[in-house]
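*Asks:* Provided herewith is a single structure, encoded as structure tokens, for subsequent inquiry.
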Amino acid sequence: MAGRGRRTMSFSVDSVGISRGETLPPAVQQPTPVFPVMEQKPLPLTGGEEAEYLTALKQDFRGAMRSLPCFIQPAAAHRDVERYSDKYHLSEKKDGLTDWIIDWKRFPKELRVHISKPPRDGGALTCLGGAPAGQKKKKKVGEKEEVLLKLETLEKKEEQESSEEEGEEKKKQKEEEAEAEEEYDEEEFEEETDYIMSYFDNGEDFGGDSDDNMDEAIY
Amino acid sequence: MTAQEICLCGLLLREHFGEVVEKVGTHLLRSGAQNLRTIVHETNLSVDLVKKCLCVLVQHGACSFTVGRKGPGSPTEYHACGERILRVLRYSRYIYTAKTLYGDTGELIIEELLQRGHVTMSSTVKTVADRLTQNMEEGQSLDYSEVSSTFSKLVETHFLQRCPPVGAAGTSGGAAPAEAPATPAAPAAAASTAPPTAESFPECYTLPQVTLTGRGKRQLVPEDGEDQRNAKRAKMTSESHGDEGIYWQVNFERFHQYFRDQAIISAVANKMDQTSSEIVRTILRMSEVTTSPTATCTKPLSTNEIFRSLPASYNIPRHILDQYLTLLVDDPMEFVGKAGESGGGMFVVNLHKALANLARATLESIVQERFGSRSARIFRLLLRKRHLEQKQVEDFAMIPAKEAKDMLYTLLSHNLVQLQEIPKTPDFAPSRTFYLYTVNQLPTARMLLQNCYKTVANLIERRLFETKENKRLLEKSQRIEAILASLQASGAEPEQLSEVEEMISAPEKQQLDVLRLHVNKLDSAENQVDETIFILESYISSTSAS
């Protein structure tokens, strides 16, 4: 501060409006409050049909985006304690980007992620897949299921001889895959265990089911 | 990009694409162009996840890739586009505009394209037809040709455009010479490495020859395994329709042009009357496709042309039209200008001036609502008179000295008013310097735009907080709704339904209602702030272009 001992400020002149001897507002000693008091209340929002429709559109769009394959969920958060059933639950959330067919010509080569489905379908279907850990498990199970699938493929082939021309192979493969998917999703065949998946249900979701039948007592 | 813009982009990415994409996106926005390895290293995510995120961002046009800086052979670099991400805020407005102009079909087409980013025409038509068929009565279905015709109308009026072609490793395909529309444009060996804009592609509004016949399919309820298998088979048939490789995207600039025109028309209607706004609307409609988005004013139109193109319901005589046009030209707002005398008078709409006036009105209104009408009077005075001394402000504004001083200092501390020093002597001595108050419209507009971004970010944060607080309650109500729906579908008795409904207690219902009210209010507020953002952004970009 210039002028030690003199109490003049750098530009207290009439032209800015501070006359001599006038009390200036007190010096600010701390940051301004986070939520200062508003002297004027803000105007209410414009309501009306259009605004409501726009709001509804916005909320619908957000909801729709969550269900699209573009919405990438990170891997499930680690629980506090590692549980035995985690090993068997891991492959549940693996759909990811499988139903998003990407035209790889429009993307740089390095972004291409090839995850071939387990060898049981006999044809590599390129699509984005999950972490390598899931891959290994699927491969193991795949080998065991090939026999089952071969039988089903033969059944399918008989049915499909009367269908149309080209793209047949692809269709079959995809169908086998669909079949395999259905099979795979069945509870008994997951992860080489002898128990059905609900055996590994650790009871954390209990109490959410509807209690329609109040006749039987629940112990 | 400023910190507020990056914060807002992050929140929008999180809501629409998930947290992982948010992380990658904000990292790219903060650090500029980077290659894949660096991104993986700095975000500590797995390579697969980063690749997926980049695919999502590129698919939606939020990220572009180019050959690395060190020339061909170096890894591709990814560059996020913050402006494109901020557009997400305006999606509902785009969809609503398409609905008003082209009905439900147009609305669904635009919604589909906004959800997926880049889509081919055939898949869009199929999905939209299926969706519309869902909502129709049993036994009716929508033909593909209806949807195709709406699609072509959207392309003709430039609301949709083709995605520019992409060469290998991101080199531009260049402006390919006109080829047969059915074949996808093959990328030519490019000399330049700048990524092409959609407009530079000469085919960007050409419809491909698409063979698309059929009707919308109703989604089958899987009753037994047979049906499910059939449905899956139908989904996976990939017939080629002749437009492989031709992707379409929404042309945001065209929508912005439309919004700008709407703003000008409603401003004229508010200031003058309905007929003048109809005249301005006619002029703007006639110059829609001939005016480039960055033009200062529309192409000159003669009175004769305007007279011929007025809507039939407004049969005003010729001399009345002349009077209206003269009034519009003389108006201080200067929306319409006279460009010559031939043809009975050539008239243009001054787009940049109109935008500047709209922005000025927005600033004045902001000051008025925040500081009161007398501060607004001072603000308007300074905008008009440019530089004024303290004494002159008091005199012109007719406000007592002490209050005027207080108001000026408040405005000064909020940076809405600036102090300009003009020295009489080279040493800037305070007693020998003029101090003038002034308002600069452009920097003030920029500052208020950043405030708007921060406002929207705060609104989104608050909404996320409210939903998180009541997450348990929301989940419970969703479960109950699902149970109710399934019970109703399987035909349950009313007692069972009421029993299930009673699982939510009355105070919980009240809490849910309050929550819904808050969320709706916050969403609606976001939309309104976005309108202000649009006006300010258009004004700022118009000044930078000229």
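The values are calculated or read from the model by the stated rules, or taken from the named source; none is laboratory data. Small disclaimer: the values here were computed from a predicted structure and weren't measured. No Cβ is skipped: glycine too gets one built from the backbone with ideal geometry, and neighbour counts run over all protein chains shown.
*Asks:* Restricting attention to region B:415-438, report how many residues are away from chain A (no Cβ under 11 Å) and either aromatic (Phe, Trp, Tyr) or under 16 Å from B:Arg374 (Cα atoms) (or both).
*Replies:* Residues meeting the conditions: 2.
*Asks:* Please pick out the residue among B:Val119, B:Val125 that is more than 14 Å from chain A (Cβ to nearest Cβ) and either closer than 17 Å to B:Leu154 by Cα or buried (at least 20 other Cβ atoms within 10 Å of the Cβ) (or both).
*Replies:* Numbers: B:Val119 fails: more than 14 Å from chain A (Cβ to nearest Cβ).
Result: B:Val125 is the single residue among B:Val119, B:Val125 that is more than 14 Å from chain A (Cβ to nearest Cβ) and either closer than 17 Å to B:Leu154 by Cα or buried (at least 20 other Cβ atoms within 10 Å of the Cβ) (or both).
*Asks:* What number of residues within region B:29-39 are within 11 Å of chain A (Cβ to nearest Cβ) and part of a helix (DSSP H, G or I)?
*Replies:* Residues in region B:29-39 being within 11 Å of chain A (Cβ to nearest Cβ) and part of a helix (DSSP H, G or I): 2 in total.
*Asks:* Can you name the condition, by its number, that B:Asp48 falls short on among (1) within 9 Å of chain A (Cβ to nearest Cβ); (2) crowded, with 20+ Cβ neighbours inside 10 Å?
*Replies:* (2)
*Asks:* Inside region B:319-337, can you point out the residues that are more than 30 Å from the chain's Cα centre (by Cα), over 10 Å from B:Thr275 (Cβ atoms) and surrounded by 18 or more Cβ atoms within 10 Å (Cβ to Cβ)?
*Replies:* B:Leu325
*Asks:* Right, another one. Could you tell me whether any residue of region B:458-476 is aliphatic (A, V, I, L, M) and exposed (fewer than 14 other Cβ atoms within 10 Å of the Cβ)?
*Replies:* Taking region B:458-476 as the starting set, the residues that turn out to be aliphatic (A, V, I, L, M) are B:459-460, B:464, B:473-474.
Within this subset, residues satisfying the condition of being exposed (fewer than 14 other Cβ atoms within 10 Å of the Cβ) are none.
No, region B:458-476 contains no residue that is aliphatic (A, V, I, L, M) and exposed (fewer than 14 other Cβ atoms within 10 Å of the Cβ).
So that you can scan it fast, the table gives a plain yes or no per residue for (1) buried (at least 17 other Cβ atoms within 10 Å of the Cβ); (2) on the phi > 0 side of the Ramachandran plot; (3) not charged (D, E, K, R):
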residue	(1), (2), (3)
B:Asn44	no, yes, yes
B:Lys52	yes, no, no
B:Leu57	yes, no, yes
B:Gly61	yes, yes, yes
B:Thr66	yes, no, yes
B:Pro72	no, no, yes
B:Thr76	yes, no, yes
B:Glu83	no, no, no
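*Asks:* Go through (1) in contact with a helix residue (DSSP H, G or I) (Cβ under 6 Å, 6 or more places away or on another chain); (2) of a type outside the set (Gly, Ala, Ser); (3) closer than 18 Å to B:Gly343 by Cβ for B:Thr298 and report which single condition fails.
*Replies:* Looking at each condition in turn, B:Thr298 falls short on (1).
*Asks:* Consider B:Thr26 against the criteria (1) more than 19 Å from the chain's Cα centre (by Cα); (2) closer than 28 Å to B:Glu253 by Cα; (3) not acidic (Asp, Glu); (4) not in a helix (DSSP H, G or I): it satisfies all of them except one. Which criterion is unmet?
*Replies:* Result: B:Thr26 passes all but (4).
*Asks:* What do you reckon, is B:Ser498 small (Gly, Ala, Ser), surrounded by 15 or more Cβ atoms within 10 Å (Cβ to Cβ) and either within 37 Å of the chain's Cα centre (by Cα) or assigned to a helix (DSSP H, G or I) (or both)?
*Replies:* Numbers: small (Gly, Ala, Ser): yes; surrounded by 15 or more Cβ atoms within 10 Å (Cβ to Cβ): no; either within 37 Å of the chain's Cα centre (by Cα) or assigned to a helix (DSSP H, G or I) (or both): yes.
No: the conditions fail for B:Ser498.
*Asks:* Could you say whether any residue in region A:46-66 is more than 9 Å from chain B (Cβ to nearest Cβ), part of a loop (DSSP other than H, G, I, E, B) and at pLDDT 85 or above? Can you show your working first?
*Replies:* First, the residues of region A:46-66 that are more than 9 Å from chain B (Cβ to nearest Cβ): A:48-49, A:63.
Now restrict to residues that are part of a loop (DSSP other than H, G, I, E, B): A:48.
Still in the running and at pLDDT 85 or above: A:48.
The answer is yes, given that some residue of region A:46-66 is more than 9 Å from chain B (Cβ to nearest Cβ), part of a loop (DSSP other than H, G, I, E, B) and at pLDDT 85 or above.
*Asks:* Moving on. Starting from region B:3-28, take each residue that is within 11 Å of another protein chain (Cβ to nearest Cβ) and within 25 Å of B:His41 (Cβ to Cβ) and list its partners that are crowded, with 24+ Cβ neighbours inside 10 Å and among the basic types (Lys, Arg), counting only C-beta distances under 8 angstrom and pairs at least six apart or across chains.
*Replies:* Close Cβ pairs satisfying both conditions: B:Val20/B:Lys52.
*Asks:* Identify the single condition in (1) within 21 Å of B:Thr294 (Cα to Cα); (2) assigned to a helix (DSSP H, G or I) that B:Leu363 does not satisfy, given that it satisfies every other one.
*Replies:* Answer for B:Leu363: the failing condition is (1).
*Asks:* Here's something else I'd like to know. Working carefully through the options B:Thr211, B:Thr193, B:Thr197, B:Thr291, find the one that is on the phi < 0 side of the Ramachandran plot and modelled with pLDDT of 80 or more.
*Replies:* B:Thr291
*Asks:* Go through region B:377-393 and count every residue that is outside any helix (DSSP H, G or I) and either charged (D, E, K, R) or surrounded by fewer than 17 Cβ atoms within 10 Å (Cβ to Cβ) (or both).
*Replies:* Looking only at region B:377-393, we keep the residues that are outside any helix (DSSP H, G or I), and these are B:386-389.
Going one step further and asking which of them are either charged (D, E, K, R) or surrounded by fewer than 17 Cβ atoms within 10 Å (Cβ to Cβ) (or both), we end up with B:386-387, B:389.
Qualifying residue count for the region: 3.
*Asks:* What is the one condition in (1) over 22 Å from B:Leu416 (Cβ atoms); (2) within 13 Å of chain A (Cβ to nearest Cβ); (3) among the aromatic types (Phe, Trp, Tyr) that B:Phe465 does not satisfy?
*Replies:* So the condition that B:Phe465 fails would be (2).
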